[in-house]
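Only one structure is covered here, and it is reproduced in the block below.
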Amino acid sequence: MNGHFSVNVYGLSGSLVEPIKVIKEEGTYHTDLLMLIDKDDPEQSHFIYIYDLDLFLKEENNKKYHCKRCLHGFTSQALLKDHLEICKEYPAQAIVFPDENSVNYKIGNNQILHPLFVVADFETWMKVWRYFSYSQFKNKKSRFQISINF
Ligand SMILES: [Zn+2]
């Protein structure tokens with residue numbers, strides 16, 4: 001390969017697209033290909049030309065700009081450009097999130113059922129201070145703030 005031509009190759013893992021070989025710097029004439037492997041008959045495997053990767057990876061009605069290295073979609077080209085500065089430092093990879101059923105809590109016997117759970121954030125508390133004023137010769141009351149930091 002020379003500097004004018006470059007090829008990225010993507011594959012399928014189940015129904016998910018994953019990068020197989022992604023070049024760091026695209027040439028003047030760049031092509032994205034999807035490699036389909038027939039496990040029963042590898043000689044029947046072939047490549048499919050991807051005309052527009054953003055359109056190929058589109059899942060919703062909104063236009064997204066996809067990173068060719070991790071296939072993450074961004075809502076603007078500026079966000080994609082910022083992402084590429086970081087992503088190009090790492091090998092090409094597919095980001096796969098676990099499905100909802102795969103995350104669970106297994107130590108149920110250590111759980112305690114609470115009927116009520118309160119979270120409070122106190123930043124200050126008003127303290128009432130009672131004192132005797134000798135100059136006025138009477139009991140007085142004043143308030144001041146106490147800072148509460150955890
Ligand atoms: Zn990326």
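A few remarks follow.
- The percentage of C-alpha pairs in the range 8-88 whose separation is greater than 18 Å is 47%.
- Residue-wise HN-Hα couplings along the range 134-144, as the Karplus relation 6.51 cos²θ - 1.76 cosθ + 1.60 with θ = phi - 60° gives them from phi, are 5, 5, 9, 6, 7, 6, 10, 9, 9, 10, 8 Hz; Gly and Pro carry x.
- Over all projection directions, the Cα-based convex hull of the range 69-136 averages an area of 14.5 nm².
- Under the criterion of Cα pairs below 8 Å and six or more residues apart, the relative contact order for the range 19-78 equals 26 percent.
- Computed from the alpha carbon positions, the gyration tensor of the chain leads to an equivalent ellipsoid with semi-axes of 62, 25, 13 Å, biggest first.
- Too-long pairs where the Cα-Cα distance tops 18 Å, listed order kept, from LYS24/LYS68; LYS21/LYS81; LYS24/LYS88: LYS21/LYS81
- Here the dipole of the chain is about 1980 debye; that uses its Cα centre as origin and unit charges on the Cβ of Lys and Arg (positive) and Asp and Glu (negative).
- Gyration tensor verdict on the range 111-150 (Cα atoms; rounded if a/c is under 1.5, prolate if a/b is larger than b/c, oblate otherwise): prolate
- Percentage relative contact order, the chain, counting C-alpha pairs under 8 Å, at least six apart: 14
- Beta-bridge orientation, the chain: approximately 75 percent antiparallel, per DSSP, counting only bridges with both partners inside.
Read-outs: derived from the displayed coordinates by stated rules, not from any lab. The structure presented is a predicted model; accordingly, all values stated were derived computationally and were not measured. A quick note on method: Cβ atoms are made from the backbone with ideal geometry, for glycine too, and the neighbour counts reach across all protein chains shown.
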